[in-house]
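Here the structure is laid out as structure tokens; the discussion comes afterwards.
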Amino acid sequence: MRPSTVLCALLGATACRTTPAVKPDTDFYRRVQADLIRAKAGDVVELPEGKFVLDRSLTSVASDITIRGKGMDRTILSFQAQEQGAEGLSVKGDHVTLEDFAVEDARGDAIKITGSDGLVIRRVRAEWTRGPDTGNGAYGLYPVNCRNVLIEGAVAIGASDTGIYVGQSQNVVIRGNKAMKNVAGIESENSKQVEISDNDVTDNAGGILVFDLPDLPVQGSQGTRVFDNRVAHNNIDNFAPSGNIVASVPSGTGVLVMAADDVEMFRNTVSDHRTLNMAVVSFQVLQRPIKDARYDPFSERIHVHHNTFKGGGNDPAGLLIKVLTLKVGSPLPDIFYDGIVNKQKLAADGSVPEDLRLCIHDNGDASFVDVDAPHDFARIDRDLAHFACAHPPVAPVTLAGIQ
Amino acid sequence: MRRGVALAAVAVAFAAGCQHPQRGPRAGPERVQPHTSEPWPEHLSEWGLFRAADATLEPNPGVLPYDVATPLFSDYANKLRTVWMPEGTSAQYDAAQVFALPVGTILSKTFSFDARRIETRLLVHGERGWVALPYLWDADGTEATLEIVGAIVPVRSIHYVVPNANQCQGCHEQDKALVPIGLTARQLNRPGQLARWERLGAVTGLPPLEQVPQNALWGGGEGVERRARAYLDANCAHCHSPRGPAASAGLDLRSSTSEPRLLGVCKPPVAAGRGAGPGMLYDVVPGRPEASILPYRMRSTDPGVMMPELGRTVTHAEGAQLVEDWIRQLAGRCD
């Protein structure tokens, strides 16, 4: 018996009227799931207006279809009665468009798309309605092993890992979305040719993450453009389940690049993050053992320019960061660099080759620190002149087969 | 004689003490009626796989029942597995992959609890690839009807879930295509079974049996490692293998895998979310099942945590115990 049931029994029936048992809408499930199973190339599976309570996953495997509702606030698939399935909506197949509906309160991920080539997610909302909670599902919008992906006009709220996450994918555009109250707002992980632009990323624990992680079949995170985003006060507590990588992201992190290569970040407004507005680090800062021989833990060819930074660094979260503050001083600077480089690639004079450097220029009055982590913070460097260089622009993403 | 059979059927039903006395299945054709394209038969009887004999299903001529070494756990359901192939055709032996099966092949798996049949899943090798067709039995066991959206059926004390046709692909997938799972050399290599298949002409290319790989028999007396690895192979590897639907997780739980990292040993979770478990850092921590994510997810019944994701609503305590025993006797450490 659940505690709430016990409480109801003790307090009498009236005490429980506010939390009625949710009854699944079985007819809706049968109708929509049957449509999804019968869907053939060119079909549009229409979702009606209304809020529909489901007790199991909806699954789609057809190619060349559209699943369309009446609007992200008018067609709501609520999984609050979910008994079965690791996600709310599970999608496979190529050339799939999802638009104008919401998935709420899935027990696992809200919408997971696996192995799709040609995926559009437009004006879709993924939300856990109770707000931040460790018991929420991990990912809101979750394409993995996909190619040619466009996510635009979407909203992700409350994910216990990442609101909008793309993993092990290639050719991805994430633009004009809103991500809030997730552990991480938007993350690109082990993906290539990714554009993250014009998004509003606020009130998460971490704003935008560009990661490359070990032990995954698809290695490397290359060619990411992060621009024109508004990344502000991502300062809520990190509520990720412990053990997950994202649980290591300190609350109050704006933009974080870890172990990724070829990242260009420009024209973003990054403001008021209690720990760090922007950080570029190696996977080694996590102090986790690396046992994957193919893995490259270094962030290389990172280019930061024409961003606007404001506020922040005044109330760092996490013990390690607090210790760091003792060395660096408070508030922490806008742009943080751990200084960890691949020693095997250094030039004869010990410098980082031009094409692998961290380059920073034209960011207004942004403050900076290279903490020189490899030498136990021996030569902390705040002089941006040492990083005044530029890389050729990362090429814009071309999506094949998507308008 | 007929009356005797009927009485026996009733007696069996009563002996099982169930509220769903099972009559014999409705009489269908006496030979298999293959279909390789739509429309698929609305009723299971139209396939002619089973004879209307008594409360149990009796396969018609040419329908070959088979068993696997270590089965997939499905809420303690009993399973009857059969294979039918067009006359003059056979399965092509393969040491590592699922046997190649000819177009027209019909695989069936009937799930029952006590004496009550719940569902029969067909995998049919059609002209355009494999198709999954779930048939749901009526309460008295006379007929099963195609139910592509699946069902939730109260049985014993659980809500038994019949998966929908799309969910079949959640497990039955290699390189994005729907395929059978269990018909591998190591799973079919039970005492006498493959030799019988060869005698019946159901398999070609079978090498001498001592060269055929073999999964440990579930409930048999082999060592913990062999039994646990067979269990992971049968219950996890259909997704957790390089061409399976969970390839992105980076595990390969097939019996043939030897690299510890691919078995989860000291491998951190990546996208596990709540599945990572409280304070757990690795899928498998040698010697420490209580700190290992893999058995944690095997024991969970929370849809957002449990593994496998589909196909069970209760914990397979014996399976989890076996995997924990295996982890306990692994040597090494992760830090």
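Laboratory data are not the source of any read-out in this text; all were calculated from the coordinates shown. Note that the structure is a prediction, hence the values are computed from the model and not measured. Methodologically, a virtual Cβ is constructed for each residue, glycine included, from the backbone with ideal geometry; neighbour enumeration extends over all protein chains shown.
Below, the figures for the structure above:
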read-out	value
Residues with amide H under 5 Å from that of B:D114, placed H, sequence gap 5 or more	B:N78
Mean-position separation - Cα centroids, the stretch B:62-123 and the stretch A:106-134, in angstrom	35 Å
Förster-model FRET efficiency, 45 Å R0, A:K70 and B:E30, C-beta, rounded to 0.05	0.30
Ranked A:E104, B:E38, A:E189, A:E46, criterion: other C-beta atoms within 10 Å, fewest first	B:E38, A:E46, A:E104, A:E189
Estimated dipole of the protein assembly as shown in Debye, rounded to 20 [Cβ of Lys and Arg +1, of Asp and Glu -1, Cα centre]	1840 debye
For residues of B:146-152, the mean tally of beta carbons on other chains within 10 Å	5
Convex hull projection area averaged over all views, chain A, Cα basis, nm²	21.4 nm²
Point-charge dipole on Cβ atoms (K/R +1, D/E -1) for the stretch B:2-187, about Cα centre, debye to 20	420 debye
Leading residue at positive end of dipole, the protein assembly as shown (Cβ point charges), from B:A276, B:A139, A:I164	B:A139
B:E127-B:D67 pseudo-label distance in nm [points 7 Å out on the Cα-to-Cβ vector]	3.9 nm
Peptide B:300-307 - average C-beta neighbours from other chains (10 Å radius)	5
Interchain or long-range residues, amide H under 5 Å from B:D75's placed H	B:T313, B:V314
Value of [θ]222 nm, deg cm²/dmol, for chain B, DSSP H segments ≥ 4, -39500 (n - 2.57) each, nearest 500	-5500 deg cm²/dmol
Proximal lysines relative to B:K79, as straight alpha-carbon distance under 18 Å, when same-chain residues fewer than 8 apart are discounted	B:K109
Estimated distance in nm for a label pair at A:A400 and A:H386, the labels positioned 7 Å out from Cα along Cα-to-Cβ	4.4 nm
Hydrodynamic radius of the stretch B:219-328 per Kirkwood, over alpha carbon pairs, in Å	13.8 Å
Distant-in-sequence amide H partners of A:I151 (H built 1.01 Å from N, under 5 Å)	A:I121, A:V173, A:I174, A:R175
Lysines whose Cα lies under 23 Å from that of A:K291, excluding same-chain neighbours fewer than 8 positions away	A:K192, A:K343, A:K345, B:K267
Vicinal HN-Hα couplings computed from phi for the stretch A:186-191 (Karplus, 6.51 cos²θ - 1.76 cosθ + 1.60; Hz; Gly/Pro x)	10, 9, 10, 10, 6, 10
Ordering of B:68-80, A:220-232 by burial proxy (mean other Cβ atoms within 10 Å per residue, highest first)	A:220-232, B:68-80
In Hz, Karplus ³J(HN,Hα) per residue of the stretch A:112-125 (6.51, -1.76, 1.60; θ = phi - 60°; x = Gly, Pro)	10, 10, 10, x, 8, 10, x, 10, 10, 10, 10, 6, 10, 10
For a label point 7 Å along the Cα-to-beta-carbon line of B:A151, residues of the stretch B:74-115 with backbone N under 18 Å	B:75, B:77-80, B:109-115
Averaged over B:276-282, number of beta-carbon atoms from partner chains that fall within 10 Å	4
For the stretch B:155-163, Karplus couplings with θ = phi - 60° (6.51, -1.76, 1.60), whole Hz, Gly/Pro x	8, 6, 10, 10, 9, 5, 9, 8, x
17 Å Cα-Cα reach of A:K92 towards lysines, excluding residues that sit fewer than 8 places from it in its own chain	A:K40, A:K112, B:K176
Tilt relative to chain B, helix B:317-328 - C-alpha long axis, 0 to 90 degrees, to 10	30 degrees
